[in-house]
Amino acid sequence: MKFGILIKDGPYMHQAMDTAYNFIVAAMEMGHEITGVFFYNDGVYNRSNALEPPIDERNIMKLLTDIELKGVRLIVCVAAGKRRGIVNKTVCEVNEISGLGQLLDLCIASDRMITF
Amino acid sequence: MLHIVKRSPYESSALNDSLKYIKEKDILLLIEDGVYSAKKGGKFENLLKGVLQNNEVFCLIADVKARGIEGSEIIENVKLIDYKGFVDKVCEQNPLMWA
Amino acid sequence: MSEQEKTKVMFVCRSAPYGNIFEQEAIEAMIMFGAYEQDISVSFIDDGVYSLKKGQDTSLLGKKNFSLTYMILKDDFEINHIYVEKESLEERGLNESDLITEVEVLDRNALREKMDEMKAFLPF
């Protein structure tokens with residue numbers, strides 16, 4: 001199946017990004033396709049390039065880069081990102097910044113859309 | 001529909017709100033702090049038992065274990081699933097997150 | 001595009017306005033989605049119904065009054081349906097005449113039936 005993912009919570013404060021990450025990894029191991037991960041609301045903070053947790057703690061920036069390297073599109077909403085200072089200078093390098101139309105495209109292209 | 005609840009029922013109306021929309025064949029999935037709903041002896045035990053009469057209820061095992069809840073403390077007939085089971089449930093039913 | 005080919009997406013708005021950003025950023029998404037000729041509906045349930053209350057005045061807050069946008073959501077932004085749950089209105093002492101724009105007030109069962117038609121939900 002094709003899954004589209006919407007992330008609305010930021011990193012660390014809530015569990016949403018961790019749950020989503022574990023869901024994505026499980027889905028990919030099972031042979032499902034992730035059509036994309038769209039970051040909206042405070043979810044855009046997950047893609048800040050300045051996340052620097054203590055070395056013995058999970059690094060959400062690195063976990064997301066790992067799944068991006070496996071071919072998953074990570075899309076930061078441009079409007080929600082600008083509002084919070086997540087712009088080209090401050091977003092992770094390999095990341096995609098795009099409009100809300102991409103979120104609708106995920107709804108269209110995916111068999112299931114799930115929000116975390 | 002797959003109703004997913006991630007908030008504790010003691011601090012959020014999400015569980016109650018989701019149950020107003022639960023229909024025959026729908027599934028309730030408790031994750032994150034939502035798993036506290038399924039603890040035996042808690043205030044929501046009877047509510048969940050009522051749900052179990054008509055619907056399947058699942059709990060994400062990673063969240064149950066993390067919170068120090070033993071399998072034996074989970075209300076009977078609530079099933080524990082891992083992340084792959086979570087994925088399977090989303091395949092079965094269209095998910096709506098009740099945050 | 002024929003009606004059958006359109007993707008049915010429902011915004012599920014359960015947050016009251018101003019206390020957090022969900023309503024504001026949900027509206028921004030609704031406005032964008034309307035331009036894509038899909039089948040977009042918006043449902044207001046639980047505290048979400050407060051977003052539609054008449055008479056909102058945000059001048060002392062220093063924030064935009066987003067409720068005005070709902071008045072033009074259907075006509076200018078081509079949102080197909082705006083549903084409000086009857087029970088949520090009643091529980092909060094509101095009725096249809098308290099709302100800023102014309103909406104389809106549905107009871108829970110009717111709204112749940114609409115949900116069965118959806119391909120995707122976007123909860124806010």
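What follows is calculated from the coordinates using simple rules that are stated; it is not laboratory data. Given the structure is predicted, the values throughout are model-derived calculations rather than measurements. All Cβ positions, glycine included, derive from the backbone under ideal geometry; neighbour counts span all protein chains shown.
Among the residues of region C:85-103, those that are acidic (Asp, Glu) and either touching a residue at least 40 places away in the same chain (Cβ under 8 Å) or more than 14 Å from chain B (Cβ to nearest Cβ) (or both) comprise C:Glu85, C:Glu96, C:Asp98, C:Glu102.
What are the residues in region C:42-62 that are over 17 Å from C:Arg92 (Cα atoms) and surrounded by fewer than 19 Cβ atoms within 10 Å (Cβ to Cβ), if any? C:Asp57, C:Thr58, C:Ser59, C:Leu60, C:Leu61, C:Gly62, listed by residue number. Of the residues making up region A:32-60, those that are under 19 Å from A:Gln102 (Cβ atoms) and assigned to a helix (DSSP H, G or I) number 7. Among the residues of region A:86-115, the ones that are surrounded by 17 or more Cβ atoms within 10 Å (Cβ to Cβ), closer than 15 Å to C:Ala29 by Cα and not hydrophobic (A, V, I, L, M, F, W, C) come to 4 in all.
Of all the residues in region C:101-124, those that are assigned to a loop (DSSP other than H, G, I, E, B), of a type in the set (D, E, K, R) and within 22 Å of C:Thr69 (Cβ to Cβ) number 1. You will find that of B:Glu70, B:Glu56, the residue that is touching a residue at least 12 places away in the same chain (Cβ under 8 Å) and either acidic (Asp, Glu) or exposed (fewer than 14 other Cβ atoms within 10 Å of the Cβ) (or both) is B:Glu56 and no other.
Identify the residue in region A:1-31 that is in a loop (DSSP other than H, G, I, E, B) and facing another protein chain (nearest Cβ under 7 Å) and, among all such residues, is farthest from A:Ile114 (Cα to Cα).
A:Met30
A residue that is surrounded by fewer than 22 Cβ atoms within 10 Å (Cβ to Cβ), more than 10 Å from every other protein chain (Cβ to nearest Cβ) and of a type in the set (D, E, K, R) can be found somewhere in region C:34-41.
For region B:83-99, a residue qualifies if it is part of a loop (DSSP other than H, G, I, E, B) and at the interface with another protein chain (Cβ under 7 Å from one of its Cβ atoms), and the qualifying residues are B:Asn94, B:Ala99. If you go through region A:78-88 and keep only what is more than 19 Å from A:Glu68 (Cβ to Cβ) and assigned to a loop (DSSP other than H, G, I, E, B), you end up with A:Arg84, A:Gly85.
I'd like the residue in region C:5-14 that is within 12 Å of chain A (Cβ to nearest Cβ) and in a strand (DSSP E or B) and, out of all such residues, is surrounded by the fewest Cβ atoms within 10 Å (Cβ to Cβ). Per the criteria, the residue is C:Lys8.
Checked against (1) within 14 Å of chain A (Cβ to nearest Cβ); (2) among the charged types (D, E, K, R); (3) crowded, with 20+ Cβ neighbours inside 10 Å, B:Asp26 passes all but condition (1). Regarding region B:54-73, can at least one residue be identified that is assigned to a helix (DSSP H, G or I), under 30 Å from C:Lys8 (Cα atoms), more than 14 Å from chain A (Cβ to nearest Cβ) and more than 11 Å from the chain's Cα centre (by Cα)? Yes; the residues of region B:54-73 include at least one that is assigned to a helix (DSSP H, G or I), under 30 Å from C:Lys8 (Cα atoms), more than 14 Å from chain A (Cβ to nearest Cβ) and more than 11 Å from the chain's Cα centre (by Cα).
Look at B:Tyr83 and say whether it is buried (at least 19 other Cβ atoms within 10 Å of the Cβ), of a type in the set (Ser, Thr, Tyr) and over 10 Å from the mean Cα position of the chain (by Cα). When the stated conditions are applied, B:Tyr83 passes them. Among residues belonging to region C:15-33 that are in a loop (DSSP other than H, G, I, E, B) and within 11 Å of chain A (Cβ to nearest Cβ), point out the one that is surrounded by the most Cβ atoms within 10 Å (Cβ to Cβ). Taking the candidates together, the pick is C:Ser15.
Could you list all residues from region C:37-94 that are among the aliphatic types (A, V, I, L, M) and part of a loop (DSSP other than H, G, I, E, B)? Answer for region C:37-94, where residues must be among the aliphatic types (A, V, I, L, M) and part of a loop (DSSP other than H, G, I, E, B): C:Ile45, C:Leu60, C:Leu61, C:Ile79, C:Leu94.
Could you say whether any residue in region A:80-94 is at the interface with another protein chain (Cβ under 8 Å from one of its Cβ atoms) and not hydrophobic (A, V, I, L, M, F, W, C)?
no
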